[in-house]
1. If you check A:GLU363 against the conditions, is it away from chain B (no Cβ under 14 Å) and within 23 Å of A:VAL411 (Cβ to Cβ)?
2. What number goes with the only condition from (1) outside any helix (DSSP H, G or I); (2) closer than 15 Å to A:THR36 by Cα; (3) within 14 Å of chain B (Cβ to nearest Cβ) that A:GLY382 does not pass?
3. Search region A:215-227 for residues that are within 9 Å of another protein chain (Cβ to nearest Cβ) and pair each with any residue that is surrounded by fewer than 19 Cβ atoms within 10 Å (Cβ to Cβ) and among the aromatic types (Phe, Trp, Tyr) when their beta-carbon atoms are under 6 Å apart and the residues are at least 6 apart or on different chains.
4. Which members of region A:389-439 meet the condition of being within 19 Å of the chain's Cα centre (by Cα) and free of Cβ contacts under 8 Å to residues at least 12 places away in the same chain?
5. Return yes when A:LEU333 is at pLDDT 90 or above and within 11 Å of chain B (Cβ to nearest Cβ) and no when it is not.
6. Name the one entry in A:GLN266, A:GLN279 that is more than 33 Å from the chain's Cα centre (by Cα) and either under 22 Å from A:PRO76 (Cα atoms) or at pLDDT 90 or above (or both).
7. Suppose the filter is of a type outside the set (Phe, Trp, Tyr) and surrounded by fewer than 20 Cβ atoms within 10 Å (Cβ to Cβ); does A:PRO59 pass it?
8. What are the pairs with Cβ atoms under 9 angstrom where one residue, in region B:12-27, is facing another protein chain (nearest Cβ under 7 Å) and the other, located anywhere, is in a helix (DSSP H, G or I) and of a type in the set (D, E, K, R)? Sequence gap at least six, or different chains.
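The values are calculated or read from the model by the stated rules, or taken from the named source; none is laboratory data. Owing to the predicted nature of the structure, the values given are computational and were not obtained by experimental measurement. Here the Cβ positions follow ideal geometry from the backbone for every residue, glycine too, while neighbour counts run over all protein chains shown.
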Amino acid sequence: MLGYYFQLALHSFRRSPGLTALMVLIMGVGVAASMTTYAVFRAVSGDPLPDKSAQLFVPQIDNLGPQNGSTRNHLPDALTYRDAMALMRARVGKRQTAIYPVVDNVVPQDGAHRAFTANGYAAYADFFPMFEARFAYGGSWNDSDDQQRANVIIIGSQLNQKLFSGANSVGRMLDLNGHDYRIVGVIDDWNPQPRFYDVNNGSGFADTPDFYLPFTRAVDLHMDTNGNNSCSGSSKPMAPGWDGWLQSECVWVSLWVELPDAAAVQRYSEFLSGYAAQQQSSGRFHWVSHVGLFDLTDWLDHEGVVPPEAKVSLLVAAGFLLVCLVNTIGLLLAKIMRRAGEIGVRRALGASRGAIYRQFIAEAVMVGVAGGVLGLALTAAGVLSTDLLFEPEIARLAHTNVSLIGLTLLVSIFATVVAAIYPAWRAARVQPSWQLKSQ
Amino acid sequence: MQIKPILRALWHHKAGTVLIVLQIALTLAIVCNSLFIIHQRVVRLSRPSGVDEDHVLMIQNQWIGSPTPQQARALMSSDLETLRRTPGVADVFASNAYPLGSGGWSKGVRYTMDQKSATSPTAIYFADEHALSTLGLTLVAGRNFRSEEVGQMAARDSLMPKVIIITKALADKLFPGDSAVGKTICIGNAPPSTIIGVVDRLQTWIGSFSDAWVERSTLVPFRLLMSGTTYLVRARPGELTEVAQAAPKALFAANPLRVIGPKDVQTFSQIRAAAYRSDRGMAILMGVICLVLLATTAAGIVGLTSFWVSQRRKHIGVRRALGATRGDILGYFCTENLLISFGGVMVGAVLAVGLNLLLVDRFEMERLSLAYVVVGTVALLLLGQSAVFVPALRASRLSPAEVTRSV
């Protein structure tokens, strides 16, 4: 029976090719607009560590006070050095790491290549197991390297490719701006997107980091932060020099803790409130210091990682698809009702209402498939041209894959079938006697 | 033209009528908001930066080997000298940031040191006596820095300028209706600084949070001595491209112990394109969606009206036979469309405002000006009339004898 319905549908397409082409075109364009914007939205709003994100938390401490514009819902999004160090020493979480972004000059030792700039992070040993970093060679440094401020370094696969042609470089030395580091690990193709641990510096979609070195070592070398440094909390001029900055109320250090269960979260919350209360009673804060503890997904949301462009364009594209849908209902209605006579004959010859209904749904499925195929081609073109619309670092995240292809076809067919329900119902209600009489 | 029979005919085609009304309403809602977004983005990306953009480029430079402040001072002086000697270079100065750049410094501005919270934020640009002529800024009051006023500052020193130059936007915010020159303000936690000059316009670096104070900038007379710096270079007319190639080469020739990467030399037109990329993209996307949407709606109207015409062939024939002119038939379909469109735009205006409220609430957009609703309404009514015209004309040309024959 199904084959017969498709035959009937093909026949009807041949009879009104213009209207059919119009429906396919409109459906294709509507689906492509939604799918292209969805591809971008999906890329920027994904969970960077799906199996771990519920256990990773960011503590916040209000060291600004209400007169500097901080409120319970708007706390500084980084910590001062002294607070970060106090939380690191307390070791209340299962794992914890202070992090800050750095930039340095790599000086190749082959004498042939010019020095170049590399981006990296200063972190603690816990960073790597906590964030499930994958290593191509070697592994993380350990806690005693952190304590001894060791000159060890972990490099990314791109830097390893550039300097060592991708060979195992563990044990070799790397010159960063005149300082030698011993390579202990090479990170494999690991770059969670968005880069949750650096979104507070606006680097959620930045280039893959080139290196990671111990936080303690970076501070010893006076390596400046390459991220934000906000000093609006310091009401008095700070002491000069590096140490003055470390002791100041400037916030620039990110801190992440791993809390495996609800009890650990509860314990950490209490510890954090206690710490802030203690800072208040010691006279450092002259206000009730609020604290915050965000988990990874809430943190991304709080920091507004998904660009508003991605949301607004998805919303507008969805509205556009809705208009296309309404339009298709109208056109299908026109197309089907024009064939009232044919329906009358079929009904008179014994076709049931259900058969008429199925016939037109089958016709809609065919329009949906054609629209989906067209939409697929347009979506592929759209995804390729997303760099016209979005920042290059965001545009390159959007890509066509099997799930997007499947979704495009599915949305197109589903939308067309939804559009066909009412016209098909109308068709099934055609009175055969009335139609035959008027012929 | 009698409206009652038209309404009665529409009642027989409830479903089709409702669909077109709905489609016109949704189209109006989306088109109004899209046009509004386009307008906002275009206003944003056509803001002048204050810089004479056709003649200025920036070079980001890092020295290798973590120079001390004293070493950095000598390196910077010799680099500035090298750049000045480069053919095609008109002027140059060293700074920490540049307008439309992606990062920089900002400080709170207070009138006095004991004022609790800042009156306005301001972007901080390190400058010397060459800054105004390099960027092509116009002094509207006061004077430029003198070379003896330009000091040095290490990375972690507190910023304590004696004299500053501010933008007109900042002056107007701090001293509305009064001259700012000669007055003092506190930058960050510093003791009071005297305003010696006011420049017409100088945009801040681009960060999403700096949108509210986009032209409130301050120039401070210091060389910032860090391991790297940004040189702003003004080329003689027509020599920008040559300078962009020659300047880094000259710097490397003078001292190879530095890093200037491929993305570290940019002209202001490149900087502007990068800064406003997403604004331009958004405007283009919205424009394309508007056009396709209007075309879709027009196609829908043509399709449905054609269907109605074909359904009412006999009806039209009878009317013609009973004395209706071609104009009457044409007028009938046009009026019918006008009625439907009118219903559509009424619903659409409500939807447009509703959608805008959602955008205001969720995306901190501004309120939709009603002018957009009016323009959108007129555009959709015109679109409806032009879409219905061809099928209506075809209907009016039906020969009464032919279409009534089968009765």
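1. Numbers: away from chain B (no Cβ under 14 Å): yes; within 23 Å of A:VAL411 (Cβ to Cβ): yes.
Yes.
2. (1)
3. From residues that are within 9 Å of another protein chain (Cβ to nearest Cβ), the pairs are A:HIS222/A:TRP242.
4. A:PRO392, A:ARG396, A:ASN401, A:VAL402, A:SER403
5. Judged against the criteria, A:LEU333 is not a match.
6. Working: A:GLN266 fails: more than 33 Å from the chain's Cα centre (by Cα).
Exactly one of A:GLN266, A:GLN279 is more than 33 Å from the chain's Cα centre (by Cα) and either under 22 Å from A:PRO76 (Cα atoms) or at pLDDT 90 or above (or both), namely A:GLN279.
7. Details: of a type outside the set (Phe, Trp, Tyr): yes; surrounded by fewer than 20 Cβ atoms within 10 Å (Cβ to Cβ): no.
No; evaluated as a whole, the condition is false for this residue.
8. B:ALA15/A:ARG426
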